[in-house]
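**Student:** Have a look at this one.
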Amino acid sequence: MKEYYDRRAPEYDDWWLGRGLFAGRERPGWEAELAEVAALLGALPPVRTLDVACGTGFITRHLPGQVVGLDQSASMIAIARERLPHADFVLGDALALPFPDDSFARVHTSYFYCHLEEPQRLRFLAEARRVAPELIVFGSRPGPDDPLERWEERVLRDGSRWPVFKRVFEPETLAREVDGEVLHAGRWFVVVRTEA
Ligand SMILES: C[S@@+](CC[C@H](N)C(=O)[O-])C[C@H]1O[C@@H](n2cnc3c(N)ncnc32)[C@H](O)[C@@H]1O
């Protein structure tokens, strides 16, 4: 998984932007909804925030307040550092966060929770709650025919193929699982928030 994301880093934003291998995807309303979620995140009270599994910083840049990004992939972090020269980035494991208890006011995570199997999700929730009282989870909303849980075969530009676990949630199901409230439920995205 780490190797997959290291190799994917230079082409990762293509997925958000509908470029490269994703140029042919039909995603009506994607850009407008993404802008809506970015505005929602940007309007949160500005507090010290840890962005877990921040990737290239594509979403990190919308988070208000002092932000620290964490990711296991050095290639992802390198791109995020270039994108956000004033933020701090840490190489580390989301399931064993390298921070003392209550180091942050908020944990945000986008498109990470949905790649965890249940025991890992529970571990991540415990870690997030340990380091901050507030958690925001941003992920995919399932389409009408999408299986909620699946292994996908992902292909990179170099032709390499990687098995990736994906668990998508209806907004209320995700809110129940994290014991939180739905902040956004659109065609493409779901955002939930929980506070201790
Ligand atoms: C689908 S990407 C999401 C990136 C970013 N949050 C976004 O929304 O664009 C998943 C990210 O999770 C990171 N990741 C996967 N497992 C991790 C772990 N155990 N600890 C830290 N980062 C991890 C990957 O390196 C990758 O950058």
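**Student:** Pick from Ala35, Ala23, Ala74: which residue has the top mean-square fluctuation in a GNM of the chain where Cα pairs under 10 Å get a spring?
**Tutor:** Ala23
**Student:** Of Phe58, Phe89, Phe22, which is the most mobile in a GNM of the chain whose springs link Cα atoms less than 10 angstrom apart?
**Tutor:** The residue with the greatest mean-square fluctuation here is Phe22.
**Student:** Positive end of the charge dipole of the range 2-195 (Lys, Arg +1 and Asp, Glu -1 on Cβ, about the Cα centre): tell me which of Ala96, His108, Ile59 has its Cα farthest that way.
**Tutor:** The residue sitting farthest along the positive end of the dipole is Ile59.
**Student:** Arrange the following residues from fewest to most other Cβ atoms within 10 Å of their Cβ: Ile136, Ile77.
**Tutor:** Numbers: Ile136 25, Ile77 22.
Neighbour counts put them in this order, fewest first: Ile77, Ile136.
**Student:** Give me the net charge of Gly42's neighbourhood, meaning all other residues with Cβ under 12 Å from the Cβ of Gly42; Lys, Arg count +1, Asp, Glu -1. Walk me through the intermediate numbers first.
**Tutor:** Numbers: positive: Arg61; negative: Glu36.
Taking every other residue near Gly42 into account, the sum is 0.
**Student:** Could I ask something else about it? For the pair Ala196 and Arg25, how long in nm is the line joining their label points, each one 7 Å along Cα→Cβ?
**Tutor:** With each label point 7 Å from Cα toward Cβ, the separation is 3.5 nm.
**Student:** Given contacts defined as C-alpha pairs under 8 Å and at least six residues apart, what's the relative contact order of the range 2-195, whole-number percent? Please report the intermediate quantities before stating the final value.
**Tutor:** Values: 363 pairs, mean separation 32.6, N = 194.
Result for the range 2-195 is 17 percent.
**Student:** Still on this structure: Can you give the extra length, in nm with one decimal, that the chain gains between Met1 and Leu95 once fully stretched, where that is 0.36 nm per residue apart less the Cα-Cα distance?
**Tutor:** Contour length minus the Cα-Cα distance gives 32.4 nm.
**Student:** Between Ala175, Ala128, Ala43, where does the largest GNM mean-square fluctuation fall for the chain, given springs only between Cα atoms within less than 10 Å?
**Tutor:** The residue with the greatest mean-square fluctuation here is Ala43.
**Student:** How high is the FRET efficiency from Trp188 to Asp102, r the C-beta distance, R0 45 Å, rounded to 0.05? Could the numbers behind the result be given before it?
**Tutor:** Details: r = 33 Å, r/R0 = 0.74.
The computed FRET efficiency comes out at 0.85.
**Student:** How far apart, in nanometres, would the label points at Arg81 and Asp145 be if each is projected 7 angstrom from Cα along the Cα-to-Cβ direction?
**Tutor:** 4.5 nm
**Student:** Once a ≥ b ≥ c are taken as the square roots of the eigenvalues of the Cα gyration tensor of the range 25-132, is the result rounded (a/c under 1.5), prolate (a/b larger than b/c) or oblate (a/b not larger than b/c)?
**Tutor:** Rounded, because the longest to shortest axis ratio a/c is under 1.5.
**Student:** Still on this structure: Given H placed on each backbone N at 1.01 Å, which residues far from Arg154 in sequence or on other chains put an amide H within less than 5 Å of it?
**Tutor:** Trp162, Val164
**Student:** Multiply the residue gap between Arg130 and Arg176 by 0.36 nm, knock off their C-alpha separation, and tell me the result in nm, one decimal place. Mind dumping the intermediate values first?
**Tutor:** Values: separation 46, 0.36 × 46 = 16.56 nm, distance 1.92 nm.
This chain segment gains 14.6 nm when fully extended.
**Student:** If you don't mind, another one. Given the -39500 (n - 2.57) contribution per DSSP H run of 4+ residues, what per-residue ellipticity at 222 nm results for the chain, rounded to the nearest 500 deg cm²/dmol?
**Tutor:** Details: 6 runs with 57 residues, N = 196.
Mean residue ellipticity at 222 nm (helix-derived): -8500 deg cm²/dmol.
**Student:** Got a sec? How would Asp101, Asp71 order by Cβ neighbour count within 10 Å, fewest to most? Let's see the in-between values first.
**Tutor:** Details: Asp101 9, Asp71 28.
Listing Asp101, Asp71 from fewest to most nearby Cβ atoms yields Asp101, Asp71.
**Student:** When the label point is put 7 Å from the Cα of Gln120 along its Cα-to-beta-carbon vector, which residues of the range 148-185 have a backbone N closer than 15 Å?
**Tutor:** Counting only backbone N, you get 149-154, 162-168.
**Student:** Based on the alpha-carbon gyration tensor of the range 2-195 and its eigenvalue square roots a ≥ b ≥ c, which shape applies: rounded if a/c is under 1.5, prolate if not and a/b is larger than b/c, or oblate? It would help to have the intermediate numbers written out before the result.
**Tutor:** Values: a/c = 1.35, a/b = 1.16, b/c = 1.16.
Here the range 2-195 falls in the rounded category.
**Student:** Under a Cβ-Cβ cut-off of 15 Å, what is the net charge of the residues other than Ser75 that fall near it, where Lys and Arg count +1 and Asp and Glu count -1?
**Tutor:** -2
**Student:** Kindly identify the range 19-87 as rounded, prolate or oblate by the Cα gyration tensor criterion: order the square roots of the eigenvalues as a ≥ b ≥ c, call it rounded if a/c is under 1.5, otherwise compare a/b with b/c, prolate if a/b is larger, else oblate. Write down the numbers at each step before the final one.
**Tutor:** Details: a/c = 2.72, a/b = 1.25, b/c = 2.17.
Oblate is the answer for the range 19-87, as a/c is 1.5 or above yet b/c matches or exceeds a/b.
Any read-out appearing in this document is the output of simple, stated calculations on the displayed coordinates, not a laboratory observation. Here the structure is a predicted model, which means the values were calculated and not measured. Positions of Cβ are generated from backbone atoms using ideal geometry, with glycine treated the same way; all protein chains shown enter the neighbour counts.
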